[in-house]
1. Cβ contacts < 7 Å: first residue in contact (Cβ under 8 Å) with a residue 40 or more places away in the chain and within 18 Å of SER259 (Cα to Cα), restricted to region 305-325; second residue part of a loop (DSSP other than H, G, I, E, B) and basic (Lys, Arg), any location; separation 6+ or different chain. Result?
2. Sort out which residues of region 188-222 are of a type in the set (A, V, I, L, M), within 23 Å of ILE79 (Cβ to Cβ) and at pLDDT 75 or above, and write them in order of number.
3. Give me the pairs, please: first residue somewhere in region 1-13 and within 16 Å of VAL125 (Cβ to Cβ) and of a type outside the set (A, V, I, L, M), second residue anywhere and modelled with pLDDT under 75 and in a helix (DSSP H, G or I), beta-carbon distance under 7 Å, and either six or more positions apart or on two chains.
4. Can you list residue pairs whose Cβ atoms sit under 9 Å apart, with the first residue in region 337-362 being farther than 22 Å from LYS418 by Cα and modelled with pLDDT under 75 and the second being among the β-branched types (Val, Ile, Thr) and not in a loop (DSSP other than H, G, I, E, B)? Count only pairs 6 or more apart in sequence or on different chains.
5. So which of LYS7, LYS77, LYS102, LYS39 ends up being over 17 Å from the mean Cα position of the chain (by Cα) and within 23 Å of SER359 (Cβ to Cβ)?
6. Residue pairs, Cβ under 6 Å, 6 or more apart or interchain, first in region 259-277 and surrounded by 21 or more Cβ atoms within 10 Å (Cβ to Cβ), second among the small types (Gly, Ala, Ser) and not in a helix (DSSP H, G or I). List them.
7. Filter the helices (runs of 4 or more DSSP H) completely within region 293-402 down to those with at least 1 residues that are in contact with a Pro (Cβ under 8 Å, 6 or more places away or on another chain).
8. Can you confirm whether region 139-150 contains a residue that is on the phi > 0 side of the Ramachandran plot, in contact (Cβ under 8 Å) with a residue 24 or more places away in the chain and either outside any helix (DSSP H, G or I) or acidic (Asp, Glu) (or both)?
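The values are calculated or read from the model by the stated rules, or taken from the named source; none is laboratory data. Quick caveat: nothing in here was measured; it's all calculated off a predicted structure. Every residue, glycine as well, gets a Cβ built from its backbone with ideal geometry; the counts of neighbours run over all protein chains shown.
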Amino acid sequence: MAKKENKKKWLSFIILVLSAGVVYKLYFMSDAFYVQMQKIWGLTNTQIGILNSVAGWISTFGFLAAAYLSERFSKKKLIPIALIGNGAAGLLLTANPSFPIKLAIWCIFPLCADMMFWPTMLKAVRLLGNKDEQGRMFGILESGRGVVDTIVNFAALGIFAALGSSLLAFNVSIIFLSALNILFGVLCYFLLEDDEIAHVKSSGEKNKMALSNMMKAMKNPAIWLVALNVFAVYIVYCGIRYFAPYLSDIYGLPMVAASAYAIINSYVLKMVGGPIGGYVSDKVTHSAAKFIRNMFILVAAGLLLLIALSFGKHNVFVIIAIALVVSAFIFCQRSVFFAPMDEIDVPREITGSAMSLGSFIGYLPGAFMGIVYGHQLDVHPGVSGYRNVFIMMLVLAAVGFVISSVLVHVIHKKQAVKAAASAE
C-alpha cells in the first residue's frame, strides 16, 4: 500500500512540474522573446511593460480570489481549466491583433496561470511532501520547471529560426506554446486525483470552510512576513528580463542570439538554482529564510559589478557571465522562497489560503515594475537607462536583505519558544 501511495505521489508531482513548466511561457513571453516583441510586433519598452504590469494587477487580485478557489475546488478541475484556457488565449495572438486586443489577451493569462493554476499547484506540492522535504520538493519543482522551460523555449526558438525569423515564424512558435498548454491541460484532467476534503460534504460546508481558512491566513502575521520576503526576491527578479535587451541594444547581440541568452537566463538557470537552493537550504543553512538572506548579499555584489562595468565598453562575454551569475543567485532564492511557510508552522489545513496570500503579496511587483523599468529605458535610452535599472535592483536587494533578516529573527524566536515548551 505504501509503495502504491508513493507512486501516486510522484506521478502527481511529475505532472505538476511539467504543467508548471509550460503555463507561463505565453504570459511571460517577454522573458525569451522580448526582442521579437519589439522588432516583429513593433512594441516599445513601455508597451511591453504595460502588458506585463496590467496583467500583474489582474494577477494581484486574482491571487485573492485564489485563496477561496484553491480551498473550494479540486486541483483536478482548476488546473486543467487553467491550462486549456491559457492555450486558447495564446492562439488569439497569432492574428497579430492591435495593442488594445493584445492587452486584453494579457489580462486572460493571469486569470488562468495565477488565479487558477499557481496557488493550487503550490498547495498540491506542499501537501505532497513532509516537513523535512519542503526545501527539496520546492527546489525540484523549480529545477524541473527549468528543464521543461528550457526544452520548450529552445524548441519554440528553433521553430522561429528555422522558419526565417519572420512574423509567420513567430506565429508558429506561439501556436506551439499554446498547443502544449492545451495538451497538458488534458493530461492533468486524466492523471491528477481529486482532492479529498475530510468531514466536509455539502457545498455550503465547503464554502464555509474555504472562507474560514482565508480569514485564518489573513490574520496570521507570520504569513504576511513570508509574503514580504517573496516580494523582496521577486521585485529584484523582475529586472533580469532586461539583461537580454541590454546585450542586444548595447552590445549588438543578434535577435536569435539574444533570445538564446534570454532562455538560458530565465529558464536554464532554474535547473541550477532549483537543486542548489533546495539542497543548501535543507542541508547547509537548515533554513530557507536564512539561505535567502545570505543570497541577497551575493546578488547585491553581482549587481555592483554590473553597475561598475556599465561605465565602459567591455567584452560581451564578461557581461554575459556576470549577468548569468546574478540571475543564478536569484533563481536559488526563488526555488525556496515559499519553503519558510513550514518554518513558521503554517497549519497544513490552510495551506491553500497561505500560498494564495503569499502569492498575492509576493508577486505584486509584476503589477508595476515592468512599467517602472520600461519607462526608464525609454526616457533614458542607451546605457544610462540600463544602469538606472541595475541601480534600482541593487537598492531593492538591500531592502530584501533587511526583510529576510527580520524573518530569520522571527523564526528563531518561534523555535526558542517551542524548545522551551518542550523542555517543560
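1. No pair meets every condition.
2. LEU191, LEU192, ALA217, listed by residue number.
3. That search, which allows pairs on different chains as well, returns LYS9/LEU128; SER12/LEU128; PHE13/LEU128.
4. GLY352/THR120
5. On inspection, the qualifying residue turns out to be LYS77.
6. So the pair list comes out as GLY273/SER335; GLY274/SER335; GLY277/SER335.
7. Where helices (runs of 4 or more DSSP H) fall fully within region 293-402 and carry at least 1 residues being in contact with a Pro (Cβ under 8 Å, 6 or more places away or on another chain), they are 351-362, 369-379.
8. No, region 139-150 contains no residue that is on the phi > 0 side of the Ramachandran plot, in contact (Cβ under 8 Å) with a residue 24 or more places away in the chain and either outside any helix (DSSP H, G or I) or acidic (Asp, Glu) (or both).
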